[in-house]
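Q: Pasting a structure below so you can have a look.
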2 protein chains.
Amino acid sequence: MRGAQALVGSLAGAGVDVCFMNPGTSEMHFVQALDDVPEMRGVLALFEGVATGAADAYARIAGKPAAVLLHLGPGLGNGLANLHNARRAGTPLLCVVGAHATQHVRHDAPLESDITSVARTVSGWVHTSGDVRDVADDAMRAVAATSERGGQVATLVLPADVSWSEGGAPAPPRRATAPEPPDASRVAAAASAVAGSGSVLLLGGPALTAKGMDAAGRIAAATGARLLVETFPRCWETGAGRPRVDKLGYFAEQALAQLEGASSLVLAGARSPVSFFGYPGVPGDLVPDGCAVVTLADAPSDAAAALDELAAAVAPDAVADLAPHDAPAPAPGPLDVRSLCAAVAATLPDDAIVVDESLTAAAVLGPALQTAAPHTQLALTGGAIGQGPPAALGAAIAAPDRPVVAVQADGSALYTFQALWTQAREQLDVTTVLINNSAYAILRVELTRTGAGEAAHSGRAGRMLDLSDPTPDFVSLATGLGVPARRVTTTEELLDALRWAHDEPGPHLIEAIVPALG
Amino acid sequence: MRGAQALVGSLAGAGVDVCFMNPGTSEMHFVQALDDVPEMRGVLALFEGVATGAADAYARIAGKPAAVLLHLGPGLGNGLANLHNARRAGTPLLCVVGAHATQHVRHDAPLESDITSVARTVSGWVHTSGDVRDVADDAMRAVAATSERGGQVATLVLPADVSWSEGGAPAPPRRATAPEPPDASRVAAAASAVAGSGSVLLLGGPALTAKGMDAAGRIAAATGARLLVETFPRCWETGAGRPRVDKLGYFAEQALAQLEGASSLVLAGARSPVSFFGYPGVPGDLVPDGCAVVTLADAPSDAAAALDELAAAVAPDAVADLAPHDAPAPAPGPLDVRSLCAAVAATLPDDAIVVDESLTAAAVLGPALQTAAPHTQLALTGGAIGQGPPAALGAAIAAPDRPVVAVQADGSALYTFQALWTQAREQLDVTTVLINNSAYAILRVELTRTGAGEAAHSGRAGRMLDLSDPTPDFVSLATGLGVPARRVTTTEELLDALRWAHDEPGPHLIEAIVPALG
């Protein structure tokens, strides 16, 4: 048995049975092994950033890792931005990077580069397989490593000769690292904190399951603690029937206003809040002076279980205040961000997965979705844009029976738009609502904040943030990749297009033309 | 004066007056400085790999570095593949990576990552600017470093506070490192080698200028030495009026056949040939047994000058055998790779720049171009695909009066297709001939070579190399980014479209539908 066959077979046996891939010559024996291991599903991406972004979202929804297969250092580089997002999400993800045959390295051939140095910047575990006899077990160690520290990227570098040589043998799965159980002293400390007035409970990461949200809702009802969700949740159960919770604002001044007056901040699966970027004269640490920070559960812990224990302690009989299903009809007429978000909320199918890479629109989308049908939200955890189209793809592979709605900013979409081709090939139920405001609108806000003022919209600087010359035509781009698409400019057209997209099988894109905010 | 103003002004003063950029929040003050320094031309790319690929080609044509501006670690990751190509080309390139403000690093905000570890894998020089008073001088050190070791990437990490703080001062340019002059003992050794029978002169890198090619032609005429050009030349003056030289074949067996019987191999700016990939049972070192390898000039040397000295020594009165301008009319009827390449050659404008990312078609394109109008060829030096569309853009910015013809494989184009938008915005004279064979055809060849046989075209493995389900529609994709496009299926249509593209200002794309080779 060749190494690649042993590797692919062992992965499938361990439940890692989806591989998002963009292979090259050094990965040909891995690809060939797909014919021998029908349990492994290969999903082709036209660009590595699509593969890594899809694997990130797959694991967030499926609760188990997918594999990605990348081609040497440049392939890893192309996939790095979405691996960064996966690292920040604490996503279990197995990254297999094909490399030159061991005996070929000495020739420093054109594609040779320092793969491991790049991989270490996003991975908690990196290993180069050295012998065909070990490769399947190396892969099992890698899969086990993906569960450590609350979930991480594990990178296995796979030399071509280890892949092609005979002498491989399947290896059994290794035990995954379970999340740490709740810590009684932390639960007690959190109980004291929420019992006081002015307490804020910040929810994030693994706290955002149905169980965690339910517990948080009961704690809030019993104690008066305010609930907030981290700005970019990795996987959040929300909408009607869940506690109504705002996200922490993106800009430091918004977050500071939300946290003002808090006497204690209890962290459940969330990190202590910091500003996304540093600005002159603005604090990076967003915790108000005098506010005590109490960690109920951090990354390697089962934050939802900790919330459940906290609820049992402080809110045994409480009934949470849950959001109604009440998504108001959007205002008719020419679209703006407000009516767009309202239309998405009003038409959201039950049990949908919402991929939010809406950037400037997020502050409007979030509140609109609070009373939409119950759904799961995935956000851009690491700030590396170009996550939305691949994430929609990966989520749809993980949950083929759930509709996926991607609310997508235009500039970000263009980083990894190739994902739409795979959405078409795999006939996934993804509806992309593409917000075309012809600008890097978030950067216009940022350029204005530098004091540039009007220059943000004109001049040589402003031109670097402008996407209107020419304006990308997303209907052409989507249909060019095999995804049916429509352009809409009014609420009525958008609602009509959303019905079309939700009713017809397969992927669709709706290009919504809106004026830029601000 | 803010750091960014001092930096941008000093770069422009040093002749680095083009910056390909995809900025984010941490780069806003650099962007803002474009309004203060009109000598700096900012060119916006929709994806970082476009910016880095463009900067690589710009420098190959302009003979001086461009800058790129990238956004933190993920932006560097997105640009890494084409920086890898630049590294392999020995391209002088200034990579500026914006980073979090110095005092913000401690917060480990979502976009924080290990930038320098990634940068070191492609850069010969890496430095993080630590103070606004130093930033302009740091940039001048970086620009000087781009000329070292024959040309390299220099990466300056630019914290946002260094950019935004007052206290910057312009810095004068530093002296560039000139290429090493020819080494007399190496010239003498090469003279002995080419005087013997069975000598091969392998030309590469900086040898491929008009001067170097002319000298090589005279050496061959006088000594009978055979000439070959490295497989992926960074910048090659070729076509009619230049010596007719084949490229070394891509596959090891092709190269071994070309080198068979060589008694000596004289390297002029080229590395000793190695197989691009390792294969079971195939040697990685392509130098035949018993063949002496003589280095006339390696990377930091002026290989063209060395060839000139060698010609003066061994061929003082020789007249080179130059290729005629004789590009035969292509066969009419349905297109195939042969008629496509013949049509490109027959219609090639004088003094064009040809960007060759044609992959499987390259073995046909190369010979066809030998007798086309004189032109400059740029190739995929590092094997990281997705170089063609950005390279065409960068070459056109460097040489606004020269037509650029990009012969482009379909799968590779989809890595960095966003480059077409910048071609449209800047109204560049780029004609992209997109070879659509609906497959990763080169990988089908490779999968067949593994022994997979028919599986390369069918089955679960073969599907990972297939781009026909759905077939990307490159006319839609190009027009969606603002580039006029036509689809052609016959030689007559292609010739017609080439005339249209060459005659009309601005960029064009011609999607040529061809059957896959083999």
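The values are calculated or read from the model by the stated rules, or taken from the named source; none is laboratory data. Small disclaimer: the values here were computed from a predicted structure and weren't measured. Positions of Cβ are generated from backbone atoms using ideal geometry, with glycine treated the same way; all protein chains shown enter the neighbour counts. Protein only, heavy atoms only, side chains kept; ligands, DNA and RNA dropped before computing areas. Shrake-Rupley method; radii C 1.70, N 1.55, O 1.52, S 1.80 Å.
Q: If I filter segment B:222-231 for residues that are assigned to a helix (DSSP H, G or I) and open to solvent by 60 Å² or more (accessible area, probe 1.4 Å), do I get at least one hit?
A: no
Q: Further, regarding this structure: Return yes when residue B:411 is buried (at least 22 other Cβ atoms within 10 Å of the Cβ) and either assigned to a loop (DSSP other than H, G, I, E, B) or at the interface with chain A (Cβ under 10 Å from one of its Cβ atoms) (or both) and no when it is not. Steps first, answer last, please.
A: Details: buried (at least 22 other Cβ atoms within 10 Å of the Cβ): yes; either assigned to a loop (DSSP other than H, G, I, E, B) or at the interface with chain A (Cβ under 10 Å from one of its Cβ atoms) (or both): yes.
When the stated conditions are applied, residue B:411 passes them.
Q: Separate question: With touching an Asp or Glu at 6+ places or on another chain (Cβ under 8 Å) and more than 8 Å from every other protein chain (Cβ to nearest Cβ) as the only criterion, which of B:396, B:456, B:419 stands out?
A: Just one listed residue meets the conditions, B:396.
Q: Of the conditions (1) under 26 Å from residue A:426 (Cα atoms); (2) in contact (Cβ under 8 Å) with a residue 60 or more places away in the chain; (3) surrounded by fewer than 22 Cβ atoms within 10 Å (Cβ to Cβ), residue B:416 satisfies every one except a single condition; which number is it?
A: Result: residue B:416 passes all but (3).
Q: Every residue in segment A:273-302 that is assigned to a loop (DSSP other than H, G, I, E, B), farther than 20 Å from residue A:382 by Cα and of a type in the set (Ser, Thr, Tyr), please.
A: none
Q: Moving on. Residue A:111 versus (1) facing chain B (nearest Cβ under 7 Å); (2) on the phi > 0 side of the Ramachandran plot: which is the lone unmet condition?
A: (2)
Q: Any idea which of (1) within 9 Å of another protein chain (Cβ to nearest Cβ); (2) touching a strand residue (DSSP E or B) at 6+ places or on another chain (Cβ under 9 Å) is the one residue B:439 doesn't satisfy?
A: Unmet condition: (1).
Q: Would you mind telling me which numbered condition in (1) within 14 Å of another protein chain (Cβ to nearest Cβ); (2) acidic (Asp, Glu); (3) under 24 Å from residue A:218 (Cα atoms) residue A:302 fails?
A: (1)
Q: Can you tell me which residue is farthest from the other protein chains (Cβ to nearest Cβ) among those in segment B:1-35 that are over 25 Å from residue A:470 (Cα atoms) and without any contact (Cβ under 8 Å) to a residue 40 or more places away in the chain?
A: Across segment B:1-35, the extreme among qualifying residues is B:12.
Q: Still on this structure: If you take the residues of segment A:91-107 that are open to solvent by 10 Å² or more (accessible area, probe 1.4 Å) and more than 36 Å from the chain's Cα centre (by Cα), which of them is nearest to the other protein chains (Cβ to nearest Cβ)?
A: Going through the qualifying residues, I end up with A:107.
Q: If we keep just the residues of segment B:117-127 that are under 25 Å from residue B:391 (Cα atoms) and more than 8 Å from chain A (Cβ to nearest Cβ), which is surrounded by the fewest Cβ atoms within 10 Å (Cβ to Cβ)?
A: B:124
Q: Any idea which residue in segment B:479-509 is farthest from residue A:33 (Cα to Cα), counting only those that are without any contact (Cβ under 8 Å) to a residue 60 or more places away in the chain and open to solvent by less than 40 Å² (accessible area, probe 1.4 Å)?
A: Among residues in segment B:479-509 that are without any contact (Cβ under 8 Å) to a residue 60 or more places away in the chain and open to solvent by less than 40 Å² (accessible area, probe 1.4 Å), the one farthest from residue A:33 (Cα to Cα) is B:497.
Q: Is it fair to say residue A:197 is touching a Ser or Thr at 6+ places or on another chain (Cβ under 7 Å) and either outside the structural domain of residue A:114 (by TED's automatic domain parsing) or buried (at least 24 other Cβ atoms within 10 Å of the Cβ) (or both)? Can you show your working first?
A: Numbers: touching a Ser or Thr at 6+ places or on another chain (Cβ under 7 Å): yes; either outside the structural domain of residue A:114 (by TED's automatic domain parsing) or buried (at least 24 other Cβ atoms within 10 Å of the Cβ) (or both): yes.
Criteria met by residue A:197.
Q: Here is a further query. Does segment A:40-57 contain at least one residue that is in a loop (DSSP other than H, G, I, E, B), surrounded by fewer than 24 Cβ atoms within 10 Å (Cβ to Cβ) and within 11 Å of another protein chain (Cβ to nearest Cβ)?
A: Within segment A:40-57, the first condition is being in a loop (DSSP other than H, G, I, E, B), and the residues that meet it are A:40, A:45-47.
Subsequent filtering for residues that are surrounded by fewer than 24 Cβ atoms within 10 Å (Cβ to Cβ) retains A:40.
If we keep only those that are within 11 Å of another protein chain (Cβ to nearest Cβ) as well, we get A:40.
Yes, the conditions are met somewhere in segment A:40-57.
Q: Does residue A:463 count as free of Cβ contacts under 8 Å to residues at least 12 places away in the same chain and of a type outside the set (Gly, Ala, Ser)?
A: yes
Q: Open to solvent by less than 30 Å² (accessible area, probe 1.4 Å) and more than 12 Å from chain A (Cβ to nearest Cβ) - does that describe any residue in segment B:246-253?
A: Yes: one or more hits.
Q: Now for a different question. Regarding residue B:245, is this residue out of contact with any Ser or Thr (no Cβ under 6 Å at 6 or more places or on another chain), within 28 Å of residue B:354 (Cα to Cα), outside the structural domain of residue B:375 (by TED's automatic domain parsing) and aliphatic (A, V, I, L, M)?
A: Spelling it out, residue B:245 is indeed out of contact with any Ser or Thr (no Cβ under 6 Å at 6 or more places or on another chain), within 28 Å of residue B:354 (Cα to Cα), outside the structural domain of residue B:375 (by TED's automatic domain parsing) and aliphatic (A, V, I, L, M).
Q: Quickly run through segment A:362-387 and pick out the residues that are more than 17 Å from the chain's Cα centre (by Cα) and in a helix (DSSP H, G or I). Before the answer, list the steps.
A: Just the residues of segment A:362-387 that are more than 17 Å from the chain's Cα centre (by Cα), to begin with: A:363-364, A:367-374.
Scanning segment A:362-387 gives A:363, A:364, A:367, A:368, A:369.
Q: Just to verify a result, which residue in segment B:459-476, among those that are over 25 Å from residue B:44 (Cα atoms) and polar (S, T, N, Q), is nearest to the other protein chains (Cβ to nearest Cβ)?
A: The extreme case among them is B:471.
Q: Please work out which one of (1) open to solvent by 10 Å² or more (accessible area, probe 1.4 Å); (2) within 30 Å of residue B:68 (Cβ to Cβ); (3) among the aliphatic types (A, V, I, L, M) is the condition residue A:464 fails and give its number.
A: Result: residue A:464 passes all but (1).
Q: Out of (1) at pLDDT 85 or above; (2) open to solvent by less than 20 Å² (accessible area, probe 1.4 Å), what's the single condition that is false for residue B:456?
A: (1)
Q: Still on this structure: Out of A:269, A:333, I need the residue that is away from chain B (no Cβ under 14 Å), over 30 Å from residue A:447 (Cα atoms) and surrounded by fewer than 16 Cβ atoms within 10 Å (Cβ to Cβ). Which one?
A: The match here is A:333.
Q: Before we move on, is residue B:131 within 12 Å of chain A (Cβ to nearest Cβ) and open to solvent by 30 Å² or more (accessible area, probe 1.4 Å)?
A: no
Q: Determine whether residue B:442 is in the same structural domain as residue B:363 (by TED's automatic domain parsing), over 30 Å from residue A:466 (Cα atoms) and open to solvent by less than 10 Å² (accessible area, probe 1.4 Å).
A: The answer is no for residue B:442.
Q: Go through the residues of segment A:305-316 one by one and say whether even a single one is crowded, with 20+ Cβ neighbours inside 10 Å, touching an Asp or Glu at 6+ places or on another chain (Cβ under 9 Å) and within 23 Å of residue A:366 (Cβ to Cβ).
A: Within segment A:305-316, one or more residues are crowded, with 20+ Cβ neighbours inside 10 Å, touching an Asp or Glu at 6+ places or on another chain (Cβ under 9 Å) and within 23 Å of residue A:366 (Cβ to Cβ).
Q: Still on this structure, I have one more. May I ask you to list the residues in segment B:336-350 that are in a loop (DSSP other than H, G, I, E, B) and open to solvent by less than 80 Å² (accessible area, probe 1.4 Å)?
A: Matches in segment B:336-350: B:336, B:348, B:349.
Q: Quick check on my filter: what residues within segment A:65-77 are closer than 14 Å to residue A:54 by Cβ and either in a loop (DSSP other than H, G, I, E, B) or without any contact (Cβ under 8 Å) to a residue 40 or more places away in the chain (or both)? Walk me through it before giving the result.
A: Residues of segment A:65-77 closer than 14 Å to residue A:54 by Cβ: A:65-70.
Passing the criteria: A:65, A:66.
Q: Now, a different point. Kindly indicate which of B:351, B:410 is within 19 Å of the chain's Cα centre (by Cα) and either among the basic types (Lys, Arg) or on the phi > 0 side of the Ramachandran plot (or both).
A: B:351
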